[in-house]
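The values are calculated or read from the model by the stated rules, or taken from the named source; none is laboratory data. Note that the structure is a prediction, hence the values are computed from the model and not measured. Cβ atoms come from the backbone with ideal geometry, glycine included; neighbour counts cover every protein chain shown. Accessible surface is based on the protein model in full, side chains and every heavy atom, while ligands, DNA and RNA are left aside. Shrake-Rupley method; radii C 1.70, N 1.55, O 1.52, S 1.80 Å.
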Amino acid sequence: MSDPTRPKGPKIISVANQKGGVGKTTTTINLAAALVEAGFKVLLIDLDPQGNASTGLGVEQVDREFTTYELLLEDIHLNDVILSTNISGLHIVPSTVDLSSADMELLSNEKRSFLLHDALRQTAMDAFGFDFILIDCPPSLNLLTVNAMIASHSVLIPLQSEFFALEGLSQLMLTIREVRQTGNPNLRIEGVVLTMYDARNNLSQLVEQDARKNLGDLVFVTKIPRNVRVSEAPSYAMPVLQYDTTSKGAAAYRALAKEVVRNNSAQGE
């Protein structure tokens, strides 16, 4: 039974797409930065063994002593695994390649699908006062991604504006449906965001038309443009909102953050 005296926990959103190269990590980093800029306190969980979100926020390998691996599989204190970033109000649980072996270890754990859910809901989390937790999922529908979905209130899906983009969504939607049936009946789709969008390109426009026709209101109004500043920012270990705050990419992620905040205010959870 839930404790009515506990403060309301953060909104937890998985950013997921089993297809690589769709702007998943870029979206996670920049949405987190935009939410912080809007006055929210945010935790980013790097659940991808590649650790790109950690690198993109300037967390050096030497500073990744404790990671999402320990968060999932060991009894670690949150103060040891939650790190500050160079952006005030934005924290991260980093990742390393060690996480790639977690799938095998999770298989032998009877609570294997609920480990992240339980880790993010321990009472020690209350002291941090996070408003949002964003989970950067690996580019696969494995046990790590299932853990993220069971831990989350919703799933945000980046969709690259390219041919066959929608075809890959069917398996992801099936996984979301299975998670609803087996462990998280209230999991909802936060929305689908079109990434790498080029308004001058007929293909981008066709993908958008197709997405809105098939998914309707699930598609965010905001589109993330193909923008060189967005692409350059990770190499400087910062979000585009810091790297070039006046760029079209930065403006788009601010607009996306507003939609996400509006969605979650309407949910009233």
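When the residues of the stretch 163-188 are filtered to those that are farther than 17 Å from Gly216 by Cα and not in a helix (DSSP H, G or I), which remaining residue is nearest to the chain's Cα centre (by Cα)? So the residue we want is Leu187. Given (1) open to solvent by 40 Å² or more (accessible area, probe 1.4 Å); (2) over 17 Å from Gln18 (Cβ atoms); (3) aliphatic (A, V, I, L, M), identify the lone condition not met by Leu141. If we test Leu141 against (1) open to solvent by 40 Å² or more (accessible area, probe 1.4 Å); (2) over 17 Å from Gln18 (Cβ atoms); (3) aliphatic (A, V, I, L, M), just (2) comes out false. Filtering the stretch 119-151 to residues that are within 16 Å of Thr182 (Cβ to Cβ) and free of Cβ contacts under 8 Å to residues at least 60 places away in the same chain leaves Asn142, Leu143, Val146, Ile150.
Filtering the stretch 199-226 to residues that are in contact with a Lys or Arg (Cβ under 9 Å, 6 or more places away or on another chain) and closer than 16 Å to Phe164 by Cα leaves Asn201, Ser204, Glu208.
Tell me whether the stretch 104-118 contains one or more residues that are farther than 15 Å from Gly9 by Cα, in contact (Cβ under 8 Å) with a residue 60 or more places away in the chain, of a type outside the set (A, V, I, L, M) and open to solvent by 50 Å² or more (accessible area, probe 1.4 Å).
Here is the first cut: in the stretch 104-118, the residues farther than 15 Å from Gly9 by Cα are 104-115.
Filter once more, keeping what is in contact (Cβ under 8 Å) with a residue 60 or more places away in the chain: 113-114.
Adding the requirement that they be of a type outside the set (A, V, I, L, M) leaves 113-114.
Subsequent filtering for residues that are open to solvent by 50 Å² or more (accessible area, probe 1.4 Å) retains 114.
Yes: the stretch 104-118 contains one or more residues that are farther than 15 Å from Gly9 by Cα, in contact (Cβ under 8 Å) with a residue 60 or more places away in the chain, of a type outside the set (A, V, I, L, M) and open to solvent by 50 Å² or more (accessible area, probe 1.4 Å).
Is it the case that the stretch 189-198 has a residue that's touching an Asp or Glu at 6+ places or on another chain (Cβ under 7 Å), exposed (fewer than 14 other Cβ atoms within 10 Å of the Cβ) and in a strand (DSSP E or B)? No: the stretch 189-198 contains no residue that is touching an Asp or Glu at 6+ places or on another chain (Cβ under 7 Å), exposed (fewer than 14 other Cβ atoms within 10 Å of the Cβ) and in a strand (DSSP E or B). Quick check: anything in the stretch 31-38 aliphatic (A, V, I, L, M), within 18 Å of Ala119 (Cβ to Cβ) and in contact with a Leu (Cβ under 6 Å, 6 or more places away or on another chain)? No, the stretch 31-38 contains no residue that is aliphatic (A, V, I, L, M), within 18 Å of Ala119 (Cβ to Cβ) and in contact with a Leu (Cβ under 6 Å, 6 or more places away or on another chain).
Could you tell me whether any residue of the stretch 214-222 is outside any helix (DSSP H, G or I) and open to solvent by 60 Å² or more (accessible area, probe 1.4 Å)? Looking for residues that are outside any helix (DSSP H, G or I) and open to solvent by 60 Å² or more (accessible area, probe 1.4 Å), one finds at least one in the stretch 214-222, hence yes. I need every pair where a residue in the stretch 47-68 that is more than 27 Å from Ser113 (Cα to Cα) has its Cβ under 6 Å from the Cβ of a residue that is outside any helix (DSSP H, G or I) and polar (S, T, N, Q), sequence separation at least 6 or different chains. Hits for this filter: Leu57/Thr85; Gly58/Asn86. Tell me, which residue of the stretch 228-269 that is farther than 24 Å from Ser14 by Cβ and outside any helix (DSSP H, G or I) is least open to solvent (accessible area, probe 1.4 Å)? Filtering first and then ranking leaves Ser247. Only residues that are closer than 22 Å to Ser54 by Cα and out of contact with any Asp or Glu (no Cβ under 6 Å at 6 or more places or on another chain) were counted across the stretch 82-120, and they come to 25. In the set (1) at pLDDT below 95; (2) touching a His at 6+ places or on another chain (Cβ under 8 Å), Pro234 fails one condition alone, (2). Within the stretch 8-50, being small (Gly, Ala, Ser), within 13 Å of the chain's Cα centre (by Cα) and closer than 17 Å to Ser95 by Cβ holds for Ser14, Ala16, Ala32. Among the residues of the stretch 85-131, the ones that are in contact with a Ser or Thr (Cβ under 8 Å, 6 or more places away or on another chain) and either part of a loop (DSSP other than H, G, I, E, B) or among the basic types (Lys, Arg) (or both) come to 4 in all.
So, in the stretch 132-150, how many residues would count as being assigned to a helix (DSSP H, G or I), among the hydrophobic types (A, V, I, L, M, F, W, C) and either farther than 17 Å from Asn184 by Cα or out of contact with any strand residue (DSSP E or B) (no Cβ under 6 Å at 6 or more places or on another chain) (or both)? Here the count works out to 4.
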